[in-house]
Amino acid sequence: MSEVYTLRGPVKKERPAPATRTVERRALDGTVLGEVALAPSIFGIEPHVAVMHQVVTAQLAARRAGTQSTKTRAEVRGGGKKPFRQKGTGGARQGTIRAPQYPGGGIALGPKPRHYDQRTPKKMIRLALRSALSDRAALGRVALVDSFAEWETPRTKSALAMLGALGLEGKVLVVLSRNDQTAIRSFANLVGVRTIDAGELNAYDVLDAEWVLFSDATLPVAKEDE
């Protein structure tokens, strides 16, 4: 719960109660099978923008390899001999031709391998994911199908037909289970469609997509609603 600071100290901002939202449950051919109530604590909260920003920034930072490296004057080859005598030349004294001011010399204050990881508490990660899902649900950008089991053979044509029947356009995030191998291969060649395992669902991928597509097996359910 966010806080608002006044002269008398921090005052907690009351957030609205989670909203109850529904989504149409459809077959792969677009036939409406009914409506499903989405868990209010996952799809109905007020998005916490600050937490989403911090978690997404940490995710993007963790993806950085951090393998960039430059050589210092101690690591550059050569330059063991003093280039010229200390006095009498009229120029500044120099100890090695591998100093940073020389061509081919070491790099001063250059990048070195490092980790960009940021520590993010698990509660913040969960809140960011719920905020992202609630944002997509509020925009009506959450879709639900019963199952992908009827696809016996991987076919890109079948995946295109399903997206057209459901009216999903733009970037689509398809949340699948480990048993949906046929669906994973069917979506593999489609530009703008990304598949993700339900256990790896995260705030960045949800916010990066215009639509989030679940199946009965992967739709998140709050523990109190199970």
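See the values below:
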read-out	value
Candidates Arg194, Arg155 - the one that is assigned by TED's automatic domain parsing to the domain that holds Leu28, charged (D, E, K, R), surrounded by 11 or more Cβ atoms within 10 Å (Cβ to Cβ) and in contact with a Ser or Thr (Cβ under 7 Å, 6 or more places away or on another chain)	Arg155
Candidate set from the stretch 92-113 (those that are touching a Lys or Arg at 6+ places or on another chain (Cβ under 9 Å) and exposed (fewer than 13 other Cβ atoms within 10 Å of the Cβ)); member that is farthest from Gln59 (Cα to Cα)	Arg93
Residue list for the stretch 30-82, restricted to those being assigned to a loop (DSSP other than H, G, I, E, B), closer than 20 Å to Tyr116 by Cα and touching a residue at least 24 places away in the same chain (Cβ under 8 Å)	Arg64, Gly66, Thr67, Gln68, Ser69, Thr70
Only one of Leu139, Leu127 that is in the same structural domain as Leu28 (by TED's automatic domain parsing) and touching a residue at least 40 places away in the same chain (Cβ under 8 Å)	Leu127
Residue within the stretch 141-159 that is within 22 Å of the chain's Cα centre (by Cα), in a loop (DSSP other than H, G, I, E, B) and at pLDDT 95 or above present	yes
In the stretch 203-226, the residues that are surrounded by 16 or more Cβ atoms within 10 Å (Cβ to Cβ) and closer than 15 Å to Ala132 by Cα	Ala203, Tyr204, Asp205, Val206, Leu207, Ala209, Trp211, Val212, Leu213, Phe214, Leu219, Pro220
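The values are calculated or read from the model by the stated rules, or taken from the named source; none is laboratory data. Computed from a prediction, not measured in an experiment: that's the story for all the values here. Glycine also receives a Cβ, built like all others from the backbone with ideal geometry; neighbour counts cover every protein chain displayed.
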